[in-house]
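All remarks here apply to the structure that follows.
The values are calculated or read from the model by the stated rules, or taken from the named source; none is laboratory data. Computed from a prediction, not measured in an experiment: that's the story for all the values here. Here Cβ is always computed from backbone atoms with ideal geometry, including for glycine, and neighbour counts include all displayed protein chains.
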Amino acid sequence: MTLEQRLNQLKEDLNRYAYHYYVLDESLISDAEYDQLYQELLAIEKDHPEWVTMDSPSQRVGDQLLDGFQKVEHATPLYSLTNAFNREDLASFIQRVENQTTDSVTYLCECKIDGLAVALTYENGQFVRGASRGDGQVGEDITQNLRTISAIPLKLRKAVSGEFRGEAYLPKERFLALNKEREEAGKIPLANPRNAAAGALRQLDPKVARHRQLSVFMYGVADPESLAIQTQAGLFETLEELGLRNNHLRRECHNLDQVWSYIQEIGQKRHDLPYEIDGVVVKVNQMATQSKLGYTVKAPRWAIAYKFPAEVAQTTILAVEWTVGRTGVVTPTAVMEPVQLAGTTVQRASLHNIDLIQALDIRLKDQVLIHKAGDIIPEISKVLLDQRPSDSKPLEIPNHCPDCQSSLERPDGEVALRCMNPNCPAQVLALATHFVSRQAMNIEGLGEKVVAVLLEKGLIHNVADLYYLDEADFLTLDKVKEKSAQNYTRAIQASKSNSLERLIFALGIRHVGAKVAQVLARSFKTMEAFMAASLEELTSIEGVGPMIASSIHHYFGQEDSQKLLASLKQAGVNMTYLDQSAEFAQVDKEFWQGKRIVLTGSLSYYSRKEAKDLIEHLGGQVTSSVSKQTDCVIYGDSPGSKYDKALQLGVDTMDEAHFIAKLAESGVNYEEESQ
Ligand code: AMP
Ligand code: ZN
């Protein structure tokens, strides 16, 4: 095979893997394998820039900053939708449709994705332009930002032309992760997934859009006739054939009762969906009837959007707690009278920072309204001022660290209050807890409680000291017997041979998350090279921006950090990048190898993401829907329809306890106290 043929093959393979991963929600290969092939492609393209084509996976993000967005006129307008708020509204919609036509009609019900409308233009199968909705007639050309969305194919699976419509959105999990990052960086959190998605697409730097990791669900085409599409349901078949990601929770209904029961069902499970929806769109299924019904100035007469009632609850503020994180950021949390909200009992809500406290003017004993941002995070939206007790006083903002009492600072440009004392016990504890956690050094059995005692007793002062502990030290702790002392020391010793990326992440350098640590470890191979890297060298790495680079420089510039690393090295902690696959090599993968697993219900020991990662590491695949091909459905509390479907199809099921036992057989042990 010539080098050029190899490149073409890589391109094709990588695009296919991405299609399976991002569009079909199933992975054909591991992240590490994907990455290896991607690096090979980059290397060839670097030597042969003349071979780079627009549909190469390397072309998802350009280096160029945009200087603005061009206007784009849509082929046909992107309409808004008429709203329905109850069953009666839907009844009159159906009545109107059926009065206006003699055709026999059915209704296709779809989830109303809470993101923003985009129009994607393909010419002969190539993605040529993407636009926002704008005022419906004219939108903005946001092609460069849309290209960063992996779920948008750069090339369709057939060489057709057309303008396809859909919704770009931010998955809930990604929203949570981004806000965690922002909180750590002392930045204002994103309000909700929808704003975050809109913000991403309006960025002039496509790298920002890429970092957010949006996705899309497509649901329309400007000119259905040109593709011989006759029904709304048929439209989805076409989208599927073309490789355009679409939402499978749709259903054809024949009458109001069926529409209403679909809405009830979706309403039940909406909080468990990995993306936010704000309603259900009901569309006349037959395109010919759609054309006959036509449009008002604003909206189609053949569709209506049922909106779920906003979920809010009222409760009382009992206290505000201030806690110190591992980077010294001091965050306020409201403690409230427990209340039911969108499927869970809520009693705590982060207040994020003092700006927010002051903007809302929250006080003790206040009555507040709360909602869930991104359907997940409880957030206070409003203080009911007319119900405020007359003796109420503004909340006191601390001047001193709640833990070490040193005075708090508010660095320029940050909204966060910060304890600047590097020896602050709360910070040291938070950092050490992070260090031992599963994603970091993965020191089994050692969690916050034990680490706290070790610090308290002065057995350790920093994370490097862990490596100098012996069994006798652990035996001085309350209730620790020989067996567990052995286990602790063994686990600590074992973590010495971790690959470099774990150590980099474990250090807790601001802005250096697990993913960035991975990229850094792979680029530099040794801690020495990493520590010596210049700002230019750091920023030349894909995924490492100036903020990360300067944070790394700042970290290594400190004497304490250098001492810590010297001490870790002295203890024999591995400082080099090891081959990815080595880590799990000793584990018995057999059970999970090639298994197709579906997760449902709420797991109490692992987050969905953790469970998924573990299964994938062990060679299994996690898919989102249950079919005859599914090997096993793992279920937690209140499992949903996936569990029922598994029973129907006779697919094996496993509860969480069995799951944990199975993992243990494969050599993965649950660590009770981590994180
Ligand atoms: P609204 O913004 O409330 O007028 O609702 C119209 C918007 O709903 C459209 O512009 C789309 O962005 C969005 N939408 C989300 N999901 C769908 C869907 N399945 N079908 C049509 N529109 C949808
Ligand atoms: Zn402090």
Taking into account only those residues within the stretch 50-73 that are modelled with pLDDT under 90 and among the aliphatic types (A, V, I, L, M), which is nearest to the chain's Cα centre (by Cα)?
-> Val61
Can you name the number of the only condition in (1) in contact (Cβ under 8 Å) with a residue 24 or more places away in the chain; (2) away from ligand 2 (no atom under 15 Å from the Cβ) that Cys401 fails?
-> (2)
Only one residue in Glu409, Glu414, Glu379, Glu321 is over 28 Å from the mean Cα position of the chain (by Cα) and not assigned by the TED database to the domain that holds Leu455, so which one is that?
-> Glu409
Looking at this structure, is Asn179 within 16 Å of ligand 1 (Cβ to nearest atom), of a type outside the set (Ser, Thr, Tyr) and within 27 Å of Pro378 (Cα to Cα)?
-> no
In the set Ala452, Ala426, the lone residue that is of a type outside the set (S, T, N, Q), within 16 Å of ligand 2 (Cβ to nearest atom), surrounded by fewer than 19 Cβ atoms within 10 Å (Cβ to Cβ) and not in a loop (DSSP other than H, G, I, E, B) is Ala452
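Okay, residues lined up against (1) loosely packed, with under 15 Cβ neighbours inside 10 Å; (2) under 30 Å from Asp25 (Cα atoms):
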| residue | (1), (2) |
| --- | --- |
| Leu520 | no, yes |
| Leu538 | no, no |
| Ile541 | no, yes |
| Ile548 | no, no |
| Ala566 | yes, no |
| Tyr606 | no, yes |
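Yes/no matrix, rows are residues, columns are (1) away from ligand 1 (no atom under 14 Å from the Cβ); (2) closer than 24 Å to Tyr21 by Cβ; (3) over 23 Å from the mean Cα position of the chain (by Cα):
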| residue | (1), (2), (3) |
| --- | --- |
| Gly134 | no, no, yes |
| Glu140 | yes, no, yes |
| Thr143 | yes, yes, no |
| Leu146 | yes, yes, no |
| Ser150 | yes, yes, no |
| Leu154 | yes, yes, no |
| Gly162 | yes, no, yes |
| Glu173 | yes, yes, no |
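Answer with yes or no whether Leu395 is away from ligand 1 (no atom under 16 Å from the Cβ) and either outside any loop (DSSP other than H, G, I, E, B) or at pLDDT below 90 (or both).
On the way: away from ligand 1 (no atom under 16 Å from the Cβ): yes; either outside any loop (DSSP other than H, G, I, E, B) or at pLDDT below 90 (or both): no.
In short, no.
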For Lys292, are the conditions met, namely being farther than 29 Å from Val598 by Cα and in a helix (DSSP H, G or I)?
-> yes
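Please give the helices (runs of 4 or more DSSP H) falling wholly within the stretch 475-561 in which 3 or more residues are farther than 26 Å from Asn423 by Cβ.
The helices (runs of 4 or more DSSP H) meeting that bar are 482-495, 514-524, 527-532, 535-539.
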Within the stretch 105-121, count every residue that is over 17 Å from Arg194 (Cβ atoms) and either without any contact (Cβ under 8 Å) to a residue 60 or more places away in the chain or within 16 Å of ligand 2 (Cβ to nearest atom) (or both).
-> 1
Which of the residues that make up the stretch 628-659 are of a type in the set (A, V, I, L, M) and surrounded by fewer than 18 Cβ atoms within 10 Å (Cβ to Cβ)?
-> Leu647, Leu649, Met654, Ala657
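Here is a yes/no grid of residues against (1) within 16 Å of ligand 2 (Cβ to nearest atom); (2) modelled with pLDDT of 95 or more; (3) surrounded by fewer than 19 Cβ atoms within 10 Å (Cβ to Cβ):
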position	(1), (2), (3)
Gln290	no, yes, no
Tyr306	no, yes, no
Ala310	no, no, yes
Ala313	no, no, yes
Ala319	no, yes, yes
Thr323	yes, no, yes
Residue check, Leu81 against (1) away from ligand 1 (no atom under 16 Å from the Cβ); (2) among the hydrophobic types (A, V, I, L, M, F, W, C); (3) over 30 Å from Leu3 (Cβ atoms); (4) part of a loop (DSSP other than H, G, I, E, B), all met but one. Which one?
-> (1)
All helices (runs of 4 or more DSSP H) inside the stretch 578-675 with 3 or more residues being at pLDDT 80 or above and either among the β-branched types (Val, Ile, Thr) or over 24 Å from the mean Cα position of the chain (by Cα) (or both) = 641-649
Confirm whether Pro193 is away from ligand 1 (no atom under 14 Å from the Cβ), touching a residue at least 12 places away in the same chain (Cβ under 8 Å) and closer than 30 Å to Ile370 by Cβ.
-> no
Identify all residues within the stretch 339-392 that are modelled with pLDDT of 90 or more, more than 20 Å from Glu183 (Cβ to Cβ) and of a type in the set (A, V, I, L, M); write none if there are none.
-> Val339, Leu364, Val368, Leu369, Val383, Leu384, Leu385
Applying the selection to the stretch 325-344, what residues are under 27 Å from Gly508 (Cβ atoms) and outside any strand (DSSP E or B)?
-> Gly325, Arg326, Thr327, Gly328
